[in-house]
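Reading through the structure tokens given below for one structure.
The values are calculated or read from the model by the stated rules, or taken from the named source; none is laboratory data. In this text the structure is predicted, and so the values were computed from the model without any measurement. Neighbour counts run over all protein chains shown; Cβ positions are idealised from the backbone, glycine included.
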Amino acid sequence: MQLNIFKDYQTLSLHAAEAIVETVKSKPTAVLCFATGDTPRLAYELAAKKAINEKVDFTLCTFIGLDEWVGIPEQNTGSCRFFLENLVFQPLLIEPARIHLFDAMSADLDRECRKMDEAIAETGGIDLMIVGVGLNGHIGFNEPGVSPELYAHVINLDNITLSTGQKYFSGATALKQGITLGLKQVLQSKKLILMASGTKKAKVIQKALEEPINNDMPAGIIRTHPQGQAMIDEDAAALLHLQSTAPASE
Ligand code: GLP
């Protein structure tokens, strides 16, 4: 695993944005899977700006959704779809045919999962996956204890996820389940970047990166990925004994 510790959120976001744009420069038909959440928000904004300034065309890329809140309609500003539409798809002019997101309102969520598994298989695999980490160590909605063998699935959300998740919504919102790519698909992505920022993530980052790998800490998977890169800021690295690895971080 490569570990890059950056001095602050801005610097972390700049480097993550660079990694995104570089991926598409070297492979204009890249298959991209982006987590939502507060952590990667600025990286996506900067990536879109950089792509526009440098005329890097994202319109041949395919986008795969990582996760979604079950029962939350797409117009809801807290939905993952709403986030990606605004920060990624609209600025980069991505056509709907190139976007595969979970329909979390579907009456047949199992079918949604299989559709997503097939969509990924048809693309030939995800080239770059960007994930965040939940306070409980989840990736996407792979909650602690989940089997690393799962593909897309529906899962009952942890209490921590249910309460933290409220921050994305404009008013109190009933949340219960998530629909998510499985850890098998996280591990199968060709390149995996895990981002974390802020002191609130320091404990979970220390556990994920330094404690023995087990199913109770899904984010630990970053260490088993052959092209895994943890990009974190100094606050999130506050409890780590590990040092930043090459290339040198700022
Ligand atoms: C959310 C999402 C994850 C996200 C994580 C961290 O619940 N399901 O995909 O990476 O929690 O979010 P944040 O970056 O807002 O801390």
> How many of the residues making up the range 89-105 are aliphatic (A, V, I, L, M) and farther than 24 Å from His153 by Cβ?
Replying inline: 4
> Pairs, please: C-beta under 6 Å, at least 6 apart or cross-chain, first residue among the acidic types (Asp, Glu) and in the range 124-150, second more than 7 Å from the ligand (Cβ to nearest atom) and outside any loop (DSSP other than H, G, I, E, B)?
Replying inline: Asp127/Val31; Glu143/Ile155; Glu149/Lys184
>> Contact list please: Cβ distance under 8 Å, first residue in the range 158-173 and within 20 Å of Thr39 (Cα to Cα), second residue of a type in the set (Lys, Arg), pairs at least six apart or on different chains.
In response: Leu162/Lys176
>> Cβ-Cβ under 6 Å, sequence separation 6+ or interchain: first residue in the range 80-107 and on the phi > 0 side of the Ramachandran plot and surrounded by fewer than 17 Cβ atoms within 10 Å (Cβ to Cβ), partner at pLDDT 95 or above and among the β-branched types (Val, Ile, Thr). Which pairs?
In response: Leu93/Thr59
>> Take the conditions of a type in the set (Lys, Arg) and within 16 Å of the ligand (Cβ to nearest atom) and apply them to Lys115. Does it pass?
In response: no
